[in-house]
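K.L.:
The structure is given below, and queries will be raised subsequently.
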There are 2 protein chains.
Amino acid sequence: MIEYVFLASLVSIGFALYLRRSILKQDEGNEAMKRISAAIREGAEAFLRRQYRTVAYFFIAVEAILITLVYFRYLTIFVPFAFLTGGFFSLLSGYLGMNIATRANARTAAGASRSLNRGLRIAFSSGAVMGFFVVGLGLLDITAWFVFLNYFAFSSLDIAARMQAITSAMLTFGMGASSVALFARVGGGIYTKAADVGADLVGKIEKGIPEDDERNPAVIADLVGDNVGDVAGMGADLYESYVGSIIATMALAVAAGLGLGGVTVPLALAALGIIASIIGTFLVRSGEEADQSVLLMALRKGVFGAAAIIAVLSYFIVVSILGRAHIGIYFAILTGLVGGILIGLSTEYFTTGKYRPTRSIAESAQASPATVILSGISIGMMSTVFPVIIVSASIMLSFAFAGGLGSLQLGIYGIGVAAVGMLSTLGITLSMDAYGPVADNAGGIIEMTGQNSTTRKRTDALDALGNTTAATGKGFAIGSAALTALALVAAYVEQIHLLGKEISLSIMDPRMTAGLFIGAMLPFLFSSLAIRAVSRAAFKVVFEARDQFRRIKGIMKGGSKPKYGRIVDIVTKAAQLEMIPCALLAIIAPIAVGLIMGVEAVIGLLMGSLASGFVVAVFMANAGGSWDNAKKWIEDGHFGGKLSQAHKAAVIGDTIGDPFKDTAGPSLNILIKLMSIVSIVFASFIVAYALV
Amino acid sequence: MIEYVFLASLVSIGFALYLRRSILKQDEGNEAMKRISAAIREGAEAFLRRQYRTVAYFFIAVEAILITLVYFRYLTIFVPFAFLTGGFFSLLSGYLGMNIATRANARTAAGASRSLNRGLRIAFSSGAVMGFFVVGLGLLDITAWFVFLNYFAFSSLDIAARMQAITSAMLTFGMGASSVALFARVGGGIYTKAADVGADLVGKIEKGIPEDDERNPAVIADLVGDNVGDVAGMGADLYESYVGSIIATMALAVAAGLGLGGVTVPLALAALGIIASIIGTFLVRSGEEADQSVLLMALRKGVFGAAAIIAVLSYFIVVSILGRAHIGIYFAILTGLVGGILIGLSTEYFTTGKYRPTRSIAESAQASPATVILSGISIGMMSTVFPVIIVSASIMLSFAFAGGLGSLQLGIYGIGVAAVGMLSTLGITLSMDAYGPVADNAGGIIEMTGQNSTTRKRTDALDALGNTTAATGKGFAIGSAALTALALVAAYVEQIHLLGKEISLSIMDPRMTAGLFIGAMLPFLFSSLAIRAVSRAAFKVVFEARDQFRRIKGIMKGGSKPKYGRIVDIVTKAAQLEMIPCALLAIIAPIAVGLIMGVEAVIGLLMGSLASGFVVAVFMANAGGSWDNAKKWIEDGHFGGKLSQAHKAAVIGDTIGDPFKDTAGPSLNILIKLMSIVSIVFASFIVAYALV
């Protein structure tokens, strides 16, 4: 079986390379467009270079700690290597995705100048390049390690002990991916919003010039931000969820006594998902009508098609590998698959201008900025209800289908399988997410090069659609992160058992309760740090931009060009600096709590931050998305249209929503996953040295 | 012992009556002041009359359900009566507190026109009337029930069985108090903020007239709101925490096998607290210097003095009742006592203009409303760290002192005792809280009757101090609510054991996990409903006020008076209507989850909403308090002072903070307590009919 999985990962990478080549063949537009695109690419690469340096320091420090722990026998020799490869492939996924995004933006713009479908295809293909790199590299890395450990490193062990040793070693591989994801998501998130907020405060609010106006010195930094935050950050995040859910489920299979078969199911399911997703991409095409819902349907067809294929064929995977007795596992897969789609639909309802919630925010903008903000917060909080019910139902149903109370370990394996099921369509869902920033960039390029209004209308339609897919993508990311983190916590509990430590899992154990409180608080502290980081970095942008307006005469009249590069540089440095407290928090909190308060408190902490982090993340993503689209709804001519009082109020709402939806909210996914995986890796160390 | 406790409750009520009489003897000021005070009193009573009607309908419905459950043997015959008396005394506490507050406002104003100390004494005494009514009536009710059940109803049972039966019956008494508290806190909270936000939007923002200007048609409603929300609501809330913590601890004493002695300790501690608090009130007096920190120290002396007395004398209570072997219980009491004070100090740091956090919000107001809001949210989130650490430490320490892992039940009893310890100073801490709205009202009356500037300065100083004490009071309320709710959840688990139902307390049980997610979400849903309620009710105020400005000529010039009563009436109706979904949510959620998902899910739900509700409540209270004082800091002449751009931005922050700190935030205390107590009352019904 493993060879087919390996093959599927190669097919995925091959498909990504093929799409990449076909995008690069497209016309890049006129000289002005090429120039802007090059500036964006340069800025994005400058950011990544600096980020890689930070990551390198971080990795050196962590490797030193890991090697020390290996030396003292708290970890196996494979851990430091697994950590490195996890980090490397996660970086690579983000980089490759961002690289093609910065090359596809001008091509999408040029394509849109010829036809809407052409623009859509290029932007979507660019997203697909990242999507298939992510799943391909993820699966490649997992299978390579599996083969190495199974046939070489641990080949002398009997099957049960071997599976045990393999999955234990591989869990730490997720920590590398998670750490990189943290840097990419948080650093990228701070970058993109500091540049965006800074550009808006100076451009739209102070100078009254439109978005993406080339007179704004922060405009290139803003366009760069879309790529480093929404593309590279999203890619690294979901790479991590993807491998995390698969590895955790493999570990849970061993605990459930399913042996090699149970270990193979998530791998086979992932492989099937890749093929289904590739087929799905061919279903995406549009006519010439720039109607949002038609375009959305075009994209949806791809996702639904892939999901349908998986829903049918995964039946055969389960039956052929585990036998008809474990048919419940198949239903657990379906639960995850359906849950992911439902969370997306709920997100769409709360965040698009088509429905009542967003329109009511737009309506409240007529009264004052305060009412816009209060109604956005209220709607955002309300929007957490369905995702929570969906995830809760997914947990209970997948557990009940797979094993139920009579067979706890099987049930928990079912929860892991549901997570893998949800993420099995990742190849194509990620294509949809990563499509957004490319369309956004294309719109910016069109705006800056003053193209004709038909083209602009087309890119506007593509961009608006991108907002919706980005919001549903975030819902999907956090939903899958929740299930993945839960599987990881279960794997952690398993690790503790394996270490021979007796622990209480009772929620009334005061260590657990205290951990629960602290865990529930951490997403708030983390969000606080992230929001503060954006504000501080944005201030630096504002000061520099104001300074340029003052010093460089003739910017406003178009006589001279602002120095875009200086701002790109400033945000890059600021984002790296501001990220440090967030990163330290995620890594130190579970270790410190473990050492001071014991393993029970760690479990409480993980569950508390999982539950509260999930709710806060959904709240922030949806409130932010809804404010954004409420502003767009007013710009479309409702409640007074552009430049009305209502619009001004809505712009303030949107500005507040920016760090909510693009920095703090999505970073919480990483927080909850990374804390779980750090706990796993440091489990034996904490068990040895905990005070309690 | 019980007779001393009974005596202490009578002393408390007697002291409250004595203070009331001495306040009523004070001069009420000139005719204009009397007229305004009468209008406020009339409005407040109109609100309460309508609220009592709503409560009456609600009680009839719940009584019908309870009687049905008694008929089918799911409850004992005492439950419906206990429910009624709990509700009645809670109502009475709120009413008596509000009644004196509306009589003390003009007297405080008149007192302040003679000396600062005189103003302070009257306002503080008014708060103390409520404080001592609350603790006196609470303890009276508990002892009366205890005596009745112990010596009459269950006198035939042996001691162990009797204590068991008594505490079970009495737990339901808390449900009556909780339900009234819900109506008072939520209804009052919606009222006060709808009136405040509405008055500000029309007055300060649209018409540019100062706060408390008599030309504003919403001004009386605004002043009424301080009384019905911050006085009556706070009183009912803390009445409920007070009796809830005592009753829950009594129940936990039985579970811990401490028998009558263990049951007596919380009662004796409460009695001691009353005496200590009375002594504390005599320590409160000020000189003529209107310096905030001097005034604050004057109030602090009272609280710290009372705490010191309790810290010393509770040692003898523990040793004489339980013996030297249980000295750990004494340290658990200290833990709660110190924890309460520390939470207050942390709140003060984050919400007063004296320290960096609030000043940084004021500073960010220079840039735009968006930055004020982002920095307020960031500071508010950051401010959750210390209270969470304090509560977590209190939980672990009081558990460890009282029993530790070797003796779980004793340890959990220790947590309950810590809650009672924290609340033992309630007589005086509540005096400080309830002082605020009286000072606020006095300031409004001075403003509306155009007194000289010395008097106005004095009431401003009293009012500013009131903001601080209100914020620390909220911190104290939520901290004690968290410990009380935790004790209630422990009591719930005990109830389930008594019913002979086998349950899993494992946090990895998927029902528990799913419950945890839903529980973590409920505070968000509840806050969403509360915020929406305020917005909608405030809109009604705005429309009516605008209408009056248009229809009644000469309001702005002072020629004619607006119709204050109409707005009082509109807000009253709106608050009652908007409260319904919040109330239903708190009561239906735990029952519905229990029936559909089982007892394990209820425990998960209670713990999830406890942890997340605590964090959200602290976040909202502190963000709101900080925005309020950031605005005041600017008004004091910083960053451009009144009417600057920064001030306008800060007013928007304050408007958003209003429903955070005075509606949604404090209502969450009730949500978490009420859900626990509803679960306890309906435990046997749910055990019988749960699907899972």
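K.L.:
What pairs come out if I take residues in region B:530-553 that are at negative phi and surrounded by 21 or more Cβ atoms within 10 Å (Cβ to Cβ) and pair them with residues that are modelled with pLDDT of 90 or more and among the charged types (D, E, K, R) whose C-beta lies under 6 Å away, six or more apart or interchain?
P.N.:
Matching pairs, first to second residue: B:534/B:193.
K.L.:
With respect to residue A:24, determine if the residue is closer than 30 Å to residue A:450 by Cα, in contact with a helix residue (DSSP H, G or I) (Cβ under 7 Å, 6 or more places away or on another chain) and surrounded by fewer than 21 Cβ atoms within 10 Å (Cβ to Cβ). Spell out the reasoning first.
P.N.:
Values: closer than 30 Å to residue A:450 by Cα: yes; in contact with a helix residue (DSSP H, G or I) (Cβ under 7 Å, 6 or more places away or on another chain): yes; surrounded by fewer than 21 Cβ atoms within 10 Å (Cβ to Cβ): yes.
Against the criterion (closer than 30 Å to residue A:450 by Cα, in contact with a helix residue (DSSP H, G or I) (Cβ under 7 Å, 6 or more places away or on another chain) and surrounded by fewer than 21 Cβ atoms within 10 Å (Cβ to Cβ)), residue A:24 qualifies.
K.L.:
Still on this model: Which of the numbered conditions does residue A:534 fail, given that it passes all the others? Conditions: (1) closer than 24 Å to residue A:207 by Cβ; (2) within 12 Å of chain B (Cβ to nearest Cβ); (3) at pLDDT below 90.
P.N.:
Among (1) closer than 24 Å to residue A:207 by Cβ; (2) within 12 Å of chain B (Cβ to nearest Cβ); (3) at pLDDT below 90, residue A:534 violates only (3).
K.L.:
Kindly indicate the residue of region A:501-527 that is within 16 Å of residue B:412 (Cβ to Cβ) and of a type in the set (S, T, N, Q) and also nearest to the other protein chains (Cβ to nearest Cβ) among those meeting that condition.
P.N.:
Restricting to residues being within 16 Å of residue B:412 (Cβ to Cβ) and of a type in the set (S, T, N, Q), the top hit is A:506.
K.L.:
Could you tell me which of the residues B:609, B:644 is in contact with a Leu (Cβ under 6 Å, 6 or more places away or on another chain) and either closer than 30 Å to residue B:363 by Cα or of a type outside the set (Phe, Trp, Tyr) (or both)? Walk me through how you get there before you give the answer.
P.N.:
Details: B:644 fails: in contact with a Leu (Cβ under 6 Å, 6 or more places away or on another chain).
Just a single option satisfies the conditions, and that option is B:609.
K.L.:
Could you say whether any residue in region B:295-316 is hydroxyl-bearing (Ser, Thr, Tyr), closer than 25 Å to residue B:471 by Cβ and at pLDDT 90 or above? Steps first, please.
P.N.:
Start the filter on region B:295-316 by keeping residues that are hydroxyl-bearing (Ser, Thr, Tyr), which leaves B:314-315.
Now restrict to residues that are closer than 25 Å to residue B:471 by Cβ: none.
Checked against the condition, which is being hydroxyl-bearing (Ser, Thr, Tyr), closer than 25 Å to residue B:471 by Cβ and at pLDDT 90 or above, region B:295-316 yields no hits at all.
K.L.:
Exactly one condition in (1) in contact with a Ser or Thr (Cβ under 7 Å, 6 or more places away or on another chain); (2) more than 29 Å from residue B:171 (Cβ to Cβ); (3) in a helix (DSSP H, G or I) is false for residue B:469; which is it?
P.N.:
Residue B:469 satisfies all of (1) in contact with a Ser or Thr (Cβ under 7 Å, 6 or more places away or on another chain); (2) more than 29 Å from residue B:171 (Cβ to Cβ); (3) in a helix (DSSP H, G or I) except (1).
K.L.:
What number goes with the only condition from (1) in contact (Cβ under 8 Å) with a residue 40 or more places away in the chain; (2) of a type outside the set (Gly, Ala, Ser); (3) not in a helix (DSSP H, G or I) that residue A:283 does not pass?
P.N.:
(1)
K.L.:
Let me ask another. Of the conditions (1) in a helix (DSSP H, G or I); (2) without any contact (Cβ under 8 Å) to a residue 60 or more places away in the chain; (3) not basic (Lys, Arg), residue B:625 satisfies every one except a single condition; which number is it?
P.N.:
Failing condition for residue B:625: (2).
K.L.:
I'd like the full set of residues that are under 25 Å from residue A:115 (Cα atoms) and surrounded by 22 or more Cβ atoms within 10 Å (Cβ to Cβ), limited to region A:6-19. Don't jump to the end; show me each part of the working.
P.N.:
Pass one, region A:6-19, residues under 25 Å from residue A:115 (Cα atoms): A:15-19.
Once the filter is applied, which keeps residues that are under 25 Å from residue A:115 (Cα atoms) and surrounded by 22 or more Cβ atoms within 10 Å (Cβ to Cβ), region A:6-19 yields A:15, A:16, A:19.
K.L.:
Say we look at region A:151-167 and pick out the residues that are farther than 20 Å from residue A:241 by Cβ and polar (S, T, N, Q); which of these is surrounded by the most Cβ atoms within 10 Å (Cβ to Cβ)? If you could, list the steps in order and put the result at the bottom.
P.N.:
Of the residues in region A:151-167, the ones farther than 20 Å from residue A:241 by Cβ are A:151-166.
In the following step, the residues that additionally are polar (S, T, N, Q) were identified as A:155-156, A:164.
Numbers: A:155: 9, A:156: 8, A:164: 18.
Restricting to residues being farther than 20 Å from residue A:241 by Cβ and polar (S, T, N, Q), the top hit is A:164.
K.L.:
Turning to a different aspect of this structure: Scan (1) within 30 Å of residue A:62 (Cβ to Cβ); (2) in contact with a Ser or Thr (Cβ under 8 Å, 6 or more places away or on another chain); (3) surrounded by fewer than 24 Cβ atoms within 10 Å (Cβ to Cβ); (4) modelled with pLDDT of 90 or more for the single condition residue A:103 breaks and write down its number.
P.N.:
All conditions are met except number (1).
K.L.:
Of all the residues that make up region B:616-674, how many are farther than 19 Å from residue B:343 by Cα and β-branched (Val, Ile, Thr)?
P.N.:
Of the residues in that region, 6 qualify.
K.L.:
As an exercise: evaluate residue B:265 against (1) free of Cβ contacts under 8 Å to residues at least 60 places away in the same chain; (2) more than 22 Å from the chain's Cα centre (by Cα) and give the number of the one condition it does not meet.
P.N.:
The number of the failed condition is (1).
K.L.:
Exactly one condition in (1) over 15 Å from residue A:664 (Cβ atoms); (2) in a helix (DSSP H, G or I); (3) over 22 Å from the mean Cα position of the chain (by Cα) is false for residue A:501; which is it?
P.N.:
Every listed condition holds for residue A:501 apart from (2).
K.L.:
Let me ask another. Could you tell me which numbered condition residue B:294 fails, if it satisfies all but one of (1) closer than 26 Å to residue B:267 by Cβ; (2) out of contact with any helix residue (DSSP H, G or I) (no Cβ under 9 Å at 6 or more places or on another chain)?
P.N.:
Just one mismatch for residue B:294, condition (1).
K.L.:
Further question on the same structure: Does region B:456-482 hold any residues that are within 14 Å of the chain's Cα centre (by Cα) and of a type in the set (A, V, I, L, M, F, W, C), and which are they? If you could, list the steps in order and put the result at the bottom.
P.N.:
At the first step, the residues of region B:456-482 found to be within 14 Å of the chain's Cα centre (by Cα) are B:469-482.
The answer is B:470, B:471, B:476, B:477, B:478, B:481, B:482.
K.L.:
Checking the conditions here, which among A:398, A:394, A:424, A:431 is in contact (Cβ under 8 Å) with a residue 12 or more places away in the chain, more than 14 Å from chain B (Cβ to nearest Cβ), of a type in the set (Gly, Ala, Ser) and closer than 18 Å to residue A:487 by Cα? Before the answer, list the steps.
P.N.:
Details: A:398 fails: more than 14 Å from chain B (Cβ to nearest Cβ); A:394 fails: more than 14 Å from chain B (Cβ to nearest Cβ); A:431 fails: closer than 18 Å to residue A:487 by Cα.
Of the residues listed, the single one that is in contact (Cβ under 8 Å) with a residue 12 or more places away in the chain, more than 14 Å from chain B (Cβ to nearest Cβ), of a type in the set (Gly, Ala, Ser) and closer than 18 Å to residue A:487 by Cα is A:424.
K.L.:
Collect the residues in region A:504-522 that are within 20 Å of residue A:492 (Cα to Cα) and either in contact with a His (Cβ under 7 Å, 6 or more places away or on another chain) or part of a helix (DSSP H, G or I) (or both), keeping them in residue-number order. If you could, list the steps in order and put the result at the bottom.
P.N.:
From region A:504-522, those within 20 Å of residue A:492 (Cα to Cα) are A:504-520, A:522; that's our starting set.
Once the filter is applied, which keeps residues that are within 20 Å of residue A:492 (Cα to Cα) and either in contact with a His (Cβ under 7 Å, 6 or more places away or on another chain) or part of a helix (DSSP H, G or I) (or both), region A:504-522 yields A:510, A:511, A:512, A:513, A:514, A:515, A:516, A:517, A:518, A:519, A:520, A:522.
Condition check ((1) within 11 Å of chain A (Cβ to nearest Cβ); (2) surrounded by fewer than 22 Cβ atoms within 10 Å (Cβ to Cβ); (3) within 22 Å of residue B:210 (Cβ to Cβ); (4) touching a residue at least 12 places away in the same chain (Cβ under 8 Å)) across all residues:
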site: B:579; (1), (2), (3), (4): no, no, no, yes
site: B:582; (1), (2), (3), (4): no, no, no, yes
site: B:612; (1), (2), (3), (4): yes, no, no, yes
site: B:655; (1), (2), (3), (4): yes, no, yes, yes
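The values are calculated or read from the model by the stated rules, or taken from the named source; none is laboratory data. Everything quoted here is computed from the prediction, not taken from an experiment. With ideal geometry, Cβ positions are generated from the backbone for all residues, glycine too; neighbour counts draw on all protein chains shown.
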